[in-house]
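In what follows, a single structure is set out as structure tokens and then discussed.
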Amino acid sequence: MLGLSVSQSALALFVAVLPICAWVSYTDLKYMKIRNAAVLSLIAVFAVVGGLVLPPEVWAWRWLHLPVVLVIGLVLNIALGVGMGDVKFAAASAPFFSADPGRVMLALVLLQACLILAFVTHRIARAIPAVRAATPDWASWGHRKFPFGLVLVGALLGYLGLIAALT
């Protein structure tokens with residue numbers, strides 16, 4: 001462990017996940033898919049970078065978040081048809097979040113805000129002819145489902161960014 005502050009640790013994790021989050025946003029918009037390689041990359045970032053910047057006991061306990069969220073996601077997949085890419089990405093993101101009740105509430109509020117913002121932004125963007133013309137092959141424009149990866153990416157980046165800025 002590098003002995004970083006909570007803020008510095010969150011910033012390091014933010015920077016490390018940013019390219020993966022950009023990749024997930026793009027593939028979810030274009031193909032309505034979150035690649036397994038992106039999910040595995042996110043897990044690898046937590047394994048390596050998280051192991052360097054978080055206290056060992058925090059890092060070790062946070063690994064439990066992954067299977068818990070995966071099981072919840074599998075239930076949502078079966079019951080409500082939530083996409084498996086979304087389920088896997090949410091599970092891979094889970095170790096980045098603290099289990100502290102205040103931080104859990106922050107994550108839930110961010111998830112809700114990102115859902116609203118991403119949905120509205122996506123619907124506005126797809127209604128703009130210039131945007132549609134620039135990205136005519138994006139599956140999300142005509143798909144019956146919404147690319148929920150945008151919400152998950154926003155919540156992860158928003159959470160890490162707020163922790164970095166506010167602690």
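The values are calculated or read from the model by the stated rules, or taken from the named source; none is laboratory data. None of these values were measured; they are calculated from a predicted model. Positions of Cβ are generated from backbone atoms using ideal geometry, with glycine treated the same way; all protein chains shown enter the neighbour counts. Each accessible area value is taken on the protein alone, full model and side chains, heavy atoms only, with ligands, DNA and RNA left out. Shrake-Rupley method; radii C 1.70, N 1.55, O 1.52, S 1.80 Å.
Miscellaneous remarks
- Test result for Leu66, open to solvent by 20 Å² or more (accessible area, probe 1.4 Å), among the hydrophobic types (A, V, I, L, M, F, W, C) and over 23 Å from Ala164 (Cβ atoms): no
- So Val6, is it over 19 Å from the mean Cα position of the chain (by Cα) and surrounded by 15 or more Cβ atoms within 10 Å (Cβ to Cβ): yes
- Top-ranked residue of region 48-63 - restricted to ones that are assigned to a helix (DSSP H, G or I) and of a type in the set (A, V, I, L, M, F, W, C), ranked as surrounded by the most Cβ atoms within 10 Å (Cβ to Cβ): Val53
- Selection status of Val39, surrounded by 14 or more Cβ atoms within 10 Å (Cβ to Cβ) and either of a type in the set (Lys, Arg) or within 17 Å of Val87 (Cβ to Cβ) (or both): yes
- Residue list for region 62-103, filter: out of contact with any helix residue (DSSP H, G or I) (no Cβ under 9 Å at 6 or more places or on another chain) and of a type in the set (A, V, I, L, M, F, W, C): Val75, Ile78, Ala79, Leu80
- Looking at Ile20, Ile34, just one residue is crowded, with 17+ Cβ neighbours inside 10 Å and either assigned to a loop (DSSP other than H, G, I, E, B) or modelled with pLDDT under 95 (or both), and that residue is Ile34.
- Of all residues in region 51-74, those that are free of Cβ contacts under 8 Å to residues at least 40 places away in the same chain and within 11 Å of Ala91 (Cβ to Cβ) have Cβ atoms under 8 Å from Cβ atoms of residues that are not hydroxyl-bearing (Ser, Thr, Tyr) and not in a helix (DSSP H, G or I), 6 or more apart or on another chain, in His65/Phe97; His65/Ala99; Gly73/Val82.
- Against the test of being surrounded by 14 or more Cβ atoms within 10 Å (Cβ to Cβ) and assigned to a helix (DSSP H, G or I), the options Ala130, Ala92, Ala165 yield a single qualifying residue, Ala92.
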